[in-house]
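First comes the structure, then the notes that go with it.
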């Protein structure tokens, strides 16, 4: 199946969001229709990732009626090892009849927390490949478009390669796509090709002070002086590094596309089902932690990348269909899981109940 045969929303921007971690319609469809749909449209959102909890069917029908494309995760806690049950199959059939196309059925199977028992077994990759093949078949038979499961940020698993090695290249003749979690961490959008990673280029005092002066809940430099930051940048530089060396970044889709072309001789559609920047993230000490203002600037620029209007970075390739920025809202969309509140764009924790990006 060719890239141009996969459905996309009208007037596609490539901008998508991860709706919430709870029930899709927990706050009620009327409130979603009156408040949240206009918010999505004002931000240029065209794709929405949701879970298949109760209320998802009506919510997806609303999205489709409003010109938005849903991506549905068939949620199961600790889904590995395992396959879809009757409940999930019934949901798939109902959603397909309503016009939903894109389905996820697993999540980061390379991570301990996604396995019953809390640990990836030694043969976890083999088990995942076996169950992925079986589930792809089931969803394809029903007329859905299933995803190759998204892996954790920077994972070295190669599911497409292993499926092909298992003799099931034929599955990719159907409308299969690949999910990615291309979280940027606190790295720039062009990492690993940015001048900081390649050459260890120093930050200016002006930039250092501007970031340090932003009033928010923490210190973006984590107590490090400008001299200390620049020393770390120089000591940890990686001249000549490519996406094959480190794909724990926004450009992770380039890594997976290279693997897909290696195994299949062509690209698969790649859709982010989680991605972007998270306020407070400070994984890489060569860069400042993500402040609310940095979150806004970097997320806005990534939207320009998707729309092909960025003046700073190369535009998104045709195979990279959409983002799914984590996380639109948590409590404000009815989720009772307080764990995620600090990562939500809309939250009472932020001044004005929202991050600057909105």
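What follows is calculated from the coordinates using simple rules that are stated; it is not laboratory data. Just so it is clear, the structure is predicted and the values come from calculations on it, not from any experiment. Ideal geometry is used to build each Cβ from the backbone, glycine not excepted, and the neighbour counts take in all protein chains shown.
In terms of other Cβ atoms within 10 Å, 8, 73 run from fewest to most in the order 8, 73. Placing a label point 7 Å from the Cα of residue 222 along the Cα-to-Cβ direction, the residues of region 267-297 whose backbone N falls under 19 Å of that point are 277-295. When Rg and Dmax are taken over the Cα atoms of region 246-315, they come to 14.1, 41 Å. Considering Cα pairs under 8 angstrom that are at least six residues apart, work out the relative contact order of the chain and quote it in whole percent. Over the chain, the number comes to 20 percent. Under a Gaussian network description of the chain, with springs only between Cα atoms under 10 Å, the residue in 167, 280, 22 that fluctuates furthest is 167. In the chain, the DSSP-assigned H stretches of four residues or longer account for a calculated mean residue ellipticity at 222 nm of -9000 deg cm²/dmol, using -39500 (n - 2.57) per stretch and the full residue count as denominator. When DSSP beta bridges are restricted to pairs lying wholly in the chain, around 5% turn out antiparallel. Label sites at residue 336 and residue 309, each approximated as a point 7 angstrom past Cα along Cα to Cβ, lie 4.2 nm apart.
Enter the angle in degrees (range 0 to 90, nearest 10) between the Cα long axis of helix 226-235 and the first principal axis of the Cα atoms of the chain, meaning the one along which they spread out most. With both axes taken from Cα atoms, the answer is about 60 degrees. Placing a pseudo-label 7 Å from each Cα along the Cα-to-Cβ vector at residue 168 and residue 283 gives an inter-label distance of 2.8 nm. Taking other C-beta atoms within 10 angstrom as a stand-in for reagent exposure, 90, 160 fall in the order 90, 160, fewest first.
Here the Gaussian network model covers the chain, with springs between Cα atoms less than 10 Å apart; of 172, 321, 103, 172 fluctuates the most.
Ranked by how many other Cβ atoms sit within 10 Å of their own Cβ, fewest first, the residues 30, 324 fall in the order 30, 324.
For the chain, with a Gaussian network of springs between Cα atoms less than 10 Å apart, report the residue from 196, 44, 28 with the top mean-square fluctuation. Of 196, 44, 28, the most mobile in the Gaussian network model is 28.
Angle of helix 86-98 to the longest C-alpha principal axis of the chain, folded into 0 to 90 degrees and rounded to 10: 90°. Out of every Cα-Cα pair in region 201-358, what percent are more than 29 Å apart? Beyond 29 Å sits 29 percent of the P(r) for region 201-358. On full extension, the segment bounded by residue 58 and residue 12 gains 14.3 nm, given 0.36 nm per residue less the C-alpha separation.
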